[in-house]
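Visitor: To start, I am sharing the structure in question, which I have written as structure tokens.
The values are calculated or read from the model by the stated rules, or taken from the named source; none is laboratory data. In this text, all values refer to a predicted model and were calculated from it rather than measured experimentally. For neighbour counting, all protein chains shown are included, and Cβ atoms are generated from backbone atoms with ideal geometry for every residue, glycine included.
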Amino acid sequence: MIGGGTVSGSPSATAILLEADGSASPTSFPVSMVNATGAGTGRKAYFAGGSDGTTFATLPQMFVYTNPDVLTLDTVDVSLSVGGKANFDFLAGPADAGKSFVLLYSASGTAPGFFFDGQLIPLNFDSQVIKSMVNQGAPPLYNAAGLLGPDGHVQPYFEIPPGLSPVLAGITLSFAAVSFDLTSTPLLSTVSNPQSFIFTP
């Protein structure tokens, strides 16, 4: 599952710490030292694995993102028979104004994700990730690649027509947005939190 909560207990956990400068490193430490909500730090923690009650002491891995809530989504499912639209809101912030962005998606989940340009992209790498990288912003995604506005903001969406095959029902698509500057090193600027929806009949 993917979740969040207050970490407690004595077992050790491995965290991928992503800093604002793009650095990332695995770090082992007692999980009791970590607050999952990152109070006062602007961070949130996302976990892969199971949990024990309201704590995550038994989790083998923890992923901490420095940009936890920059991507939002207005639905949890999209109907294949009726068709539908999923609206995203990507707010990278004024520092990313005018930078390039792309909305990526995966059909294989969000953890453990994959590394690119020194940052952890919270999507499992599969053919859909490749497709969304190569054909950036192509349907069924719209307004999903290009340049961010003066406030570093954009509203991509995913839309399908009615009458699609019910064989796709039950498949979950997960999304993450990234902003980047091809003239900079590192290339990536902002990596969003993941968002997901499921196809229903």
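Visitor: Would you mind stating whether ALA177 is surrounded by 18 or more Cβ atoms within 10 Å (Cβ to Cβ) and modelled with pLDDT of 95 or more?
Guide: yes
Visitor: Considering each of THR110, THR75, THR172 in turn, give the residue that is touching a Pro at 6+ places or on another chain (Cβ under 6 Å) and among the β-branched types (Val, Ile, Thr).
Guide: Among THR110, THR75, THR172, only THR110 is touching a Pro at 6+ places or on another chain (Cβ under 6 Å) and among the β-branched types (Val, Ile, Thr).
Visitor: Is it the case that ASP52 is loosely packed, with under 14 Cβ neighbours inside 10 Å, at pLDDT 95 or above and not β-branched (Val, Ile, Thr)?
Guide: no
Visitor: Right, another one. Mind counting the residues in the range 182-201 that are surrounded by 16 or more Cβ atoms within 10 Å (Cβ to Cβ) and within 16 Å of PHE115 (Cα to Cα)?
Guide: Total meeting the criteria: 8.
Visitor: Any residue in the range 141-156 that's polar (S, T, N, Q): show its pairings with residues that are in a strand (DSSP E or B) at Cβ separation under 6 Å, as long as the two are six or more apart or on different chains.
Guide: GLN155/ASP89
Visitor: More than 14 Å from ASP89 (Cα to Cα) and within 17 Å of the chain's Cα centre (by Cα) - does that describe any residue in the range 135-153?
Guide: Looking through the range 135-153, at least one residue is more than 14 Å from ASP89 (Cα to Cα) and within 17 Å of the chain's Cα centre (by Cα).
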